[in-house]
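To keep things clear, I will list the structure first and then write my remarks on it.
Only the coordinates and a few stated rules stand behind these numbers; no lab work does. Small disclaimer: the values here were computed from a predicted structure and weren't measured. Ideal geometry is used to build each Cβ from the backbone, glycine not excepted, and the neighbour counts take in all protein chains shown.
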Amino acid sequence: MYQKEALFICFFVVSMLVFPHSAISQDAVFIDQRDGKTYPTVIIGNQVWMAKNFDYGTFSGAVEEYTGSEIIKYCYDHSSANCEQFGGLYTWQTALEVCPDGWHLPTVREWEVLSNFLGVDEAGQKIKASAKDIIPWDGTNETGFNAIPSGGSNGIQFSRLKQWALYWAADESDIQHAWSVQLDGFWYPQPPKYKRMIVVPYYLKTNLMSVRCIRNEEK
């Protein structure tokens, strides 16, 4: 118990040194009452994020349209073990519905608030897992957000596990496409680009991406 408290205090002190005018700290663990799975949470500025990719729903091996009655999730390479490690992958329509009560799929604006708070040029690095984390990546993870390279799918084939992360945003860009956030590894000759959170409007809603839930604001 003392060791855990010491680790938390150390994390908080380092966070306050890096972000002296902000509130970045670990928050309570959230338990999804629908299946009993647990999710660590982190406070970054005025936002509370889940610090783990979401993993809820009925596992499916083929892309199906959301019917409103059942949450369908997909696992990289159709392996349930990958869902356990990297979280589920979802179509955009399903992603809108998967977060539990009191939480929601973040909007583009909420992703941008996170990016601006951390500093646009380095925000991606600050939320990506580090080389020392359980699932290692090339970030610093100084926020505790712990974004991991969980790959994605166009609905036909899976690609780039352990190389990039794709997260849905709640906004659609047109009838077929929706906004999303991309985090990538360092690619020569453009490493500065991949230190950022790249917010893009052009992926089809039928693509499969990860979900991070953000807590509803208190009214």
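Couple of notes before you dig in:
- Under 5 Å between amide hydrogens, built in the peptide plane, is the criterion, and for ILE71 it picks out THR58 among residues at least 5 positions away or on other chains.
- Entries of LYS132/LYS162; LYS37/LYS132; LYS37/LYS73; LYS162/LYS195 with Cα pairs more than 19 Å apart: LYS37/LYS132
- For LYS128, the residues whose modelled amide H falls within less than 5 Å of its own, excluding neighbours fewer than 5 places apart on the same chain, are THR140, ASN141, ALA147.
- In sequence order, calculated HN-Hα J values of region 139-152 (Karplus, 6.51, -1.76, 1.60; Hz; x Gly/Pro): x, 9, 6, 5, 8, x, 5, 6, 5, 10, x, 8, x, x
- Karplus-derived 3J(HN,Hα) values for region 117-130, using 6.51 cos²θ - 1.76 cosθ + 1.60 with θ = phi - 60°, are 4, 7, x, 3, 5, 10, 4, x, 5, 6, 9, 6, 4, 9 Hz; glycine and proline are entered as x.
- Cβ-based exposure ranking for LYS52, LYS37, in which fewest neighbours within 10 Å come first: LYS37, LYS52
- Charge sum, other residues only, whose C-beta stays under 13 Å from ARG109's C-beta, Lys/Arg counted +1 and Asp/Glu -1: -4
- Going by neighbour counts of Cβ atoms within 10 Å, the residues ASP174, ASP138 line up, fewest first, as ASP174, ASP138.
- Restriction of the trypsin sites (Lys or Arg not before Pro) in region 102-183 to DSSP coil positions whose beta-carbon has at most 16 other beta-carbons within 10 angstrom yields LYS132, ARG160, LYS162.
- Cα-based Rg and Dmax for region 54-212, where Dmax is the largest Cα-Cα distance (Å): 14.8, 46
- Within the shell defined by Cβ-Cβ distances under 10 Å, the residues around ALA178 carry a net charge of -2, with Lys and Arg each +1 and Asp and Glu each -1.
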